[in-house]
Structures are given as C-alpha cells and as structure tokens.
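Worksheet: the structure to be examined is printed underneath.
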Amino acid sequence: MVKYKEKSASETEERILEAAKHEFMRFGIEGTSIQQIADAACINKSLVHYYFRTKEKLFKRIFIEAFSSFISHVEDIINRDISFQKKIEQIIESYIDLLKNNSYLPGFIIHEVNRNPDRLFELIQNANIKPQKIINQISIEIEKGKIRKVDPRHFFINVLALCIFPFIARPLLQRIFFNNNEKNYMKFIDERKKEITEFIIQSIKS
C-alpha cells in the first residue's frame, strides 16, 4: 500500500508539472492561474496547492530543473579533454536540445525580460548559471593564439541569439519557409546545430 501511494503521489506531481509547462507556454506565468493548471491536469485545485503551494514556486521548480540539468551537462563538456571547437559544438547542440524539449522556455524568457527581469535574474542564479568557466576557456584559447581576441560577451550573445531566435519566431518562420510543416521545421532546427557551430567557429578563428 505504501509503495502504491508513493507512486501515485509521484504521478500526480508529474501530471501537475506537465500541465503547468503547457499552460505557462500558452499564457505566460502572469496569464496562468492555479485553476487553469488544475483543470489541465484534471485534478482538484487544492492538490496543486498541496504539492507546490503557489504558482511562482511551481514555475521556479520547472525552470530550475530544466536549466540545472543543462548547466550540469555544459560543465561536464567544459571539463572534457577535447578541443575548444568541439566544446562549442557540443554546448550548442545541448542548448538547442534544451529548447526543443522545453518549448515553453523561449517565450517565457522573452516575457520575463520585458515584464520582470529581476525575477528572471533570480531564477538564473538559482539554476547556478555561471559563464565564468567558459570565459576562462576563451581567455586560454586567446593566450594560445588559437582564436582571435574576442569579447566573451559578444561570444555568449551571438550563441544565444543564433540558437534561440528560430524558437521565438517559429510560428512565423514555420509558415514562411516550411508551409507550416512542423516535421520539416524541426528537421531544420536540428540542421542549425551544425550551421551555428561552423558560424561561431569561423567568427573567432585567429
């Protein structure tokens, strides 16, 4: 009986998380209510409060889980005994996969940048996102003469912009270039991994 209850609780929590992701993606955190999440999860509103207390705590859990796993993977890539170019390739691939698997994130990030940048900054800090390790890698590569002298801020913003824009503009780009064919557009997104990597590497060659 205990094992059954534990499994049931875990399933309920996961159902709430999945419903919340869907609602946050459609309406943003401000436009989503606990009742909407409960209805989408087909459960009682009180259960959402029981598991997560507030909408903000629920979103914080979703956001931090998504980015924490990504950051952990990026740190693993940085510590690998591979070339800097290979690290760039693997980081870009991981970032695009993160956006593909968490399609609510790009819209949320843009929404929060305009509405509540302080909250977004706090979430990023809680997710332990720290660019210093990559900055150190860039400095080492510059000192070795393997890449040209580049401002790390430009490097980060270039990578972020090239990766995230096709997700933010997807409703329009998918219609303009792919006749609104989702399968073909997602294939294009996968092709972007190689295109962005080559573009970034070419831009920093010494």
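Any read-out appearing in this document is the output of simple, stated calculations on the displayed coordinates, not a laboratory observation. Because the structure is a prediction, the values reported are computed rather than measured. In this analysis, Cβ positions are derived from the backbone assuming ideal geometry, glycine residues included, and neighbour counts consider all displayed protein chains.
Data table
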| quantity | calculated |
| --- | --- |
| The stretch 55-108: trypsin sites (Lys or Arg not before Pro) falling in loop per DSSP and having at most 11 other Cβ within 10 Å | R80 |
| Length released on extending from K187 to S69, taking residue separation times 0.36 nm less the Cα-Cα span | 40.1 nm |
| Label-zone membership for the stretch 50-93, site R148, 7 angstrom Cα→C-beta point, backbone N under 12 Å | none |
| Efficiency of FRET between R26 and F177 - r from beta-carbon atoms, R0 22 angstrom, step 0.05 | 0.40 |
| Spacing of the two label points (7 Å from each Cα toward its C-beta) at T12 and R80, in nm | 4.1 |
| Answer label for semi-axes √(5λ) of the Cα gyration tensor in Å (calculated), chosen among (1) 35, 21, 16; (2) 38, 23, 17; (3) 27, 17, 16 | (1) |
| HN-Hα J in Hz across the stretch 96-107 - Karplus 6.51, -1.76, 1.60, θ = phi - 60°, x for Gly and Pro | 5, 4, 4, 5, 5, 7, 9, 5, 6, 5, x, x |
| Under 18 Å, Cα to Cα: Lys pairs in the stretch 5-95, sequence gap 8 or more or different chains | 6 |
| Net +/- balance of residues flanking V113 in space, Cβ distance below 14 Å, scoring K and R +1, D and E -1 | -2 |
| Cβ-based exposure ranking for Y185, Y50, in which fewest neighbours within 10 Å come first | Y50, Y185 |
| Gain on full stretching of the segment that runs from A169 to S206 - 0.36 nm per residue minus C-alpha separation | 10.0 nm |
| Sequence of T197, T54, T12 once ranked by neighbouring C-beta atoms within 10 Å, starting from the fewest | T54, T12, T197 |
| Under 15 Å from K149, Cα to Cα: aspartates and glutamates that are on another chain or at least 8 residues apart | E141 |
| FRET efficiency, Q35 to R115 (Cβ-Cβ, R0 22 Å, nearest 0.05) | 0.55 |
| Positive-end residue of A38, V150, L172, charge dipole of the chain with Cβ unit charges | V150 |
